[in-house]
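Notes for the one structure printed next.
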Amino acid sequence: MNQKVHRTVNQIVNRDLFAREAIGQIPKILTLLDRNPHSPTYGCFDRNFWHYKIIDFPSGMAQEFVLPLTLVYQTNLPDNPYYQKPVIRDWVEAGIFYAAHSAHQDGSCDDYFPFERAAGAAAFSLLACLESYRQLELNHYELLKFFERRADWLAHHQESGKLANHQALIVLCLELTGKLLETSKWESAKLRRLEQLLSWQNSEGWFQEYEGCDPGYHTLTISALARVDRLWPDSHLKEPLTKAVEFAANLIHPDGSYGGEYTSRNTYNFFPHGFELVGQWLPEALSINDQFLIGLANNLNPCYGDDHIIGHHTWNYLLAWRDFVSDRPQSYERSLNKIWFPGAQILIWRKSSETTSKNSLETNPENYQVVATVTPESKTNEPTNEPINEPINQPLPEELAPPEDAATGQPQDSMGLSNSQEKPAAKSPESTENSESKSESKAESVQANKAENLSENEPTETAIAELYLAINKGGVFKLFRDGKLVASDTQFSLLVSDGKQPKNAVGHLVDTYEYELGENEIIIHGDLGWAKQKLMTPLNLMILRGVMLTVGRFFPNVIRKILQKMLITGKQKAPFKFVRRLQWIDGQLQITDSLSAESWDKVLSAGIGCDQTSIYVVMSRTFQAGQLQPWLDLTAEIKRLSPGESLTVQRIL
C-alpha cells in the first residue's frame, strides 16, 4: 500500500510574517535611494551611481524599489513606522520620475552595461512604476507618456534566451498599461507573448528558464500569471496555473525551505503572492505558502539583502500579506514514493524507516568516509561490482510510473500527492540469484558500519526521509529526515592547475547525463565540466564599453547572447569522469561516488561542497541556513592516486 505522511500546519504561522520580513528590508532600500530633492539624481535607487560614483550609468532595474515603498506606505501594521508617512509618497513619486528621465528615448533601460536595453529590468521597473502610480493615485501626463513608450518597446522587443518569468512580467505590464491608459493597442502583442510563454510550459507544469526548470523563478512566473488571470478573465490561464501550482507543490521542502542548487538556475527564490491569488479558487495552493511560512518563522528563507535583488521579494511578500486568504487548509500530506519528472530531470524520493534515536538528523561530518582510494583502471567507472547497464534516458518505466486516473487517463500526481506504488524495477541482465546475493552483502556491510556507532538497546522510531535530486546536474541533491536537512550536496569539485590561473572542474553543470533508475537506487555517470569563472578586468571593461558605445548599442541582443554563452549556458567537458550511485538500504541513503582520470598530476585540491554553483544567475549564491555544512576535503586522497587509479567515496546518511 502507498503510505502518506500527514502534517498539520503550525498555528503560530500567520500572514504578518510576510509583512514583517518585508518591512525589515525598507531601511536598506531607503539607504539606496537619493532622497535629496535638490540633487540631480533625486529618486535614483542606484547608490553605486549617485553616491559611490563607481559606475558610469544608473541601473534601470533599481527603480523597481518604488513598489516596496508604495506597499509599505499602505500596510497598516502597528510596528510599521512607514505607514501613511507623506515623505514616503514623495520619494515614490521621485523614483518614478527618475525612471522616466533615465530611460532611453525608446523607453528601454539598462541593467549591467550601457545601451544594454534589458527586457527584465524594463519589465520589473515598469510593473513597479505602474502599480505605484495607480495605487497612490498620481496624475502626471509625462509619466503616462513614459509608460506608453516603455510598453511599446516591451511589446516589440524579443530578448535572447528563454526566460519565462520575464515573458510573464511583460504580459502583465502590457495588461496593466492598457488598462491605465484605456487602450487596446497592445492587445495583439499581449496575445502573441502569452502564446509564446505557454508554449514554453512543459507538460509537467514548469516553465523554461534558460537550460531547464528552475522552481524558484517558476514561482515568479506563477505570481505574474495569477495577476494576469485576475485582470483578464478571458486569458484561459486557470489550467496552466493549476499545472504550475501542482508542480511547485512537489518542491516545497519538509522544513519549509524551497529551491536550491539542484535547480537549473540555482535559486532559493520563493514568490508567495501568486499562491494567494490562485488559492482563491484552488485552495490547495494555500498549503504551499503555509509550509513556506513555517520555514520563514524558523529563519530558513534566504538572504536577498544586496543592492540589486532586495526589491523583488520585498514587494511580493507585501502583496502576499495584502491578499492573504483567511480560510486555509489545516493540513497537507506527502506520499511515500518516487515522484519523477523526466522533463525537469528532478527526482523526489520519500521513504520511511525504523531508525534509532541516536541517528543524527543533522549533517555530521563523520558520516563522510573514504572507503576505497585505489581502484583498478578496469573498474574506474564502477562504484560497486555491479555493471552499469544501458542508460534509461526516458520517462519512468511503466512499473514505476504513477497510475492513471480511471476517468481522465492522466497520471495521478496532483499537488505532489502521487499515488504510484512501489513495484519492482526491471531486472538487470545479471541473474536474479547473483543480484540478490550482492544486495544482501551490501546491506550487511552497511549494517556493520552503522553498528559501530549505535547501541543495540537504543529505542527505535519511524523516520521519514525525503530526497530531492537533479539528474541533469550530475546527481546534486538535498536530503531531509523528519523535516530537517541532513545533507546538501553539489557533487565533486576539483581545482586544477592551468597556467597562471587554476581552473575549476565540477560535476554540477547542466548536461545530458546517463542514468539508471531502479526500485531502490539510481546511478548517474558522466564527465565533469569546467566552471564558468570569467571575471571583469580593466581591459575587458574597456572593450565592453567601447563595443557598446559604438556598434553594440545598435545590436544589444548580440552582445547579450555572447555574454550568456560565456557566463550561463553550455558546458565544456573536463578530463574527469564520475559515477554517482545512491541506494536506499533499510531507510538509510548510501551514496557511493567514484571519480577517475588519466592523470591526477595537475589537481591542486578536491572536495564536495553543499552550495557550489558555477554559472552567473543574479538571484543565485544567496545565503541560506542550510548552507552551514562542512566542506568534504578529498585533497589528501587525490594526492595518493596514481595514473589510471580512481577515487571512491562512500557515505551513509
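The values are calculated or read from the model by the stated rules, or taken from the named source; none is laboratory data. Remember, predicted model here, so these are calculated numbers, not experimental data. Virtual Cβ from ideal backbone geometry, glycine too; neighbours counted across all protein chains shown. Quick note on the areas: whole protein, heavy atoms, side chains included, nothing else; ligands and nucleic acids left out. Shrake-Rupley method; radii C 1.70, N 1.55, O 1.52, S 1.80 Å.
Suppose R0 equals 35 Å. What FRET efficiency, 1/(1 + (r/R0)^6) with r the Cβ-Cβ distance, do ARG322 and THR31 give to the nearest 0.05? Mind showing how you got there, number by number?
Details: r = 25 Å, r/R0 = 0.70.
Efficiency at R0 = 35 Å is approximately 0.90.
Taking every Cα atom in segment 590-647, find the radius of gyration and the maximum pairwise distance Dmax, and write them in Å.
That works out to 14.6, 41 Å for Rg and Dmax.
Could you check the spin-label model distance between LEU549 and ASN48? Points 7 Å from the Cα along Cα→Cβ, value in nm.
In this crude spin-label approximation the distance works out to 1.9 nm.
Structure shown: which of LYS503/LYS577; LYS571/LYS639; LYS577/LYS602; LYS179/LYS243; LYS351/LYS478; LYS478/LYS532 lie over 18 Å apart, alpha-carbon to alpha-carbon? Don't skip to the answer; put the middle values down first.
Numbers: LYS503/LYS577 16 Å; LYS571/LYS639 27 Å; LYS577/LYS602 15 Å; LYS179/LYS243 28 Å; LYS351/LYS478 14 Å; LYS478/LYS532 23 Å.
Checking Cα-Cα distances, LYS571/LYS639; LYS179/LYS243; LYS478/LYS532 exceed 18 Å.
Between GLN330 and ILE562, 0.36 nm times their residue separation minus their Cα-Cα distance comes to what? Don't skip to the answer; put the middle values down first.
Working: separation 232, 0.36 × 232 = 83.52 nm, distance 4.96 nm.
Using 0.36 nm per residue and subtracting the Cα-Cα distance, I get 78.6 nm.
Residue separation times 0.36 nm, minus the C-alpha to C-alpha distance between LYS85 and LYS639: what's the value?
Values: separation 554, 0.36 × 554 = 199.44 nm, distance 6.37 nm.
This chain segment gains 193.1 nm when fully extended.
What FRET efficiency, computed as 1/(1 + (r/R0)^6) with R0 = 30 Å and r the Cβ-Cβ distance, is obtained for SER497 and TYR112, rounded to the nearest 0.05? Before the final figure, lay out each step's value.
Values: r = 32 Å, r/R0 = 1.05.
With R0 = 30 Å, the Cβ-Cβ based efficiency is 0.45.
Probe 1.4 Å, all protein chains in place: accessible area of HIS101 in Å², nearest 10?
Its accessible surface works out to 120 Å², give or take rounding.
Please give the charge dipole size of segment 232-357, origin at the Cα centre, charges +1 on K and R Cβ atoms and -1 on D and E Cβ atoms. Round to the nearest 20 debye.
Numbers: 9 positive and 14 negative charges, 66 e Å.
Dipole magnitude for segment 232-357 comes out near 320 debye.
Which of the pairs LYS473/LYS500; LYS534/LYS561; LYS162/LYS338 have their Cα atoms more than 20 Å apart in this structure? Kindly include the intermediate steps, with their values, before the conclusion.
Working: LYS473/LYS500 29 Å; LYS534/LYS561 15 Å; LYS162/LYS338 29 Å.
Beyond 20 Å: LYS473/LYS500; LYS162/LYS338.
What is the distance in Å between the Cα centroid of segment 483-529 and that of segment 192-213?
Computed from Cα coordinates, the inter-centre distance equals 27 Å.
For segment 1-155, state the average projected area of the convex hull of the C-alpha atoms over all orientations, rounded to one decimal in nm². Intermediate values should be presented prior to the final figure.
On the way: hull surface 54.6 nm².
Spelled out: convex hull of the Cα atoms, projected over all directions, averaged, 13.7 nm².
Based on the Cβ-Cβ distance from SER203 to ASP306, what FRET efficiency comes out when R0 is 35 Å, to the nearest 0.05? Walk me through the numbers on the way to the answer.
On the way: r = 36 Å, r/R0 = 1.03.
Approximately 0.45, to the nearest 0.05.
Would you mind giving the average projected area, over all directions, of the Cα convex hull of segment 114-241 in nm² with one decimal?
Working: hull surface 33.0 nm².
Projected area, direction-averaged: 8.2 nm².
So if I take the centroid of the Cα atoms in segment 100-144 and the same for segment 38-73, what is the distance between those two points in Å?
12
What's the Kirkwood radius of segment 196-286 in Å, using all Cα pairs? Please list the in-between numbers first.
Details: mean 1/r = 0.0764 Å⁻¹.
Hydrodynamic radius (Kirkwood, Cα pairs) of segment 196-286 is 13.1 Å.
Take the Cα radius of gyration of segment 150-194 and divide it by 2.2 N^0.38 Å, with N its residue count; two decimals is plenty.
On the way: Rg = 10.0 Å, N = 45, 2.2 N^0.38 = 9.3 Å.
So the Cα radius of gyration is 1.07 times the expected 2.2 N^0.38 Å.
Using only the Cα atoms, work out Rg/Rh for segment 107-186, with Rh taken as the Kirkwood radius, to two decimals. Show your work: numbers first, answer last.
On the way: Rg = 12.3 Å, Rh = 12.8 Å.
Result: Rg/Rh = 0.96.
Would you mind estimating how fast segment 530-642 diffuses translationally, via Stokes-Einstein at 10 °C and 1.306 mPa s with the Kirkwood radius over Cα pairs, in µm²/s? List each step's numbers first, then the result.
On the way: Rh = 18.2 Å.
D = 87 µm²/s.
Subtract the Cα-Cα distance of ASP586 and LYS238 from 0.36 nm times their separation in residues, and report this length gain in nm to one decimal.
On the way: separation 348, 0.36 × 348 = 125.28 nm, distance 4.22 nm.
Residue separation times 0.36 nm, minus the Cα-Cα distance, leaves 121.1 nm.
With each label point set 7 Å from Cα along the Cα-Cβ vector, what nm distance links ASN76 and SER605?
The two pseudo-label positions are separated by 5.6 nm.
Sum up the charges of everything whose Cβ sits under 15 Å from the Cβ of ASP106, counting Lys and Arg as +1 and Asp and Glu as -1, but leave ASP106 out.
On the way: positive: ARG117, LYS145, ARG149, ARG150, ARG553; negative: ASP110, GLU116, GLU148, ASP152, GLU159.
Result for the local shell: 0.
Heavy atoms only, probe 1.4 angstrom, no DNA, RNA or ligands counted: give me CYS213, CYS303 ranked by accessible area, highest first. Provide the component values of the computation, followed by the final result.
On the way: CYS213 5, CYS303 75 Å².
Final ranking, largest accessible area leading: CYS303, CYS213.
How far is it, in nm, from the label point at GLU182 to the one at MET542 when both lie 7 Å from their Cα along the line to the Cβ?
Going by the 7 Å Cα→Cβ label model, 5.7 nm.
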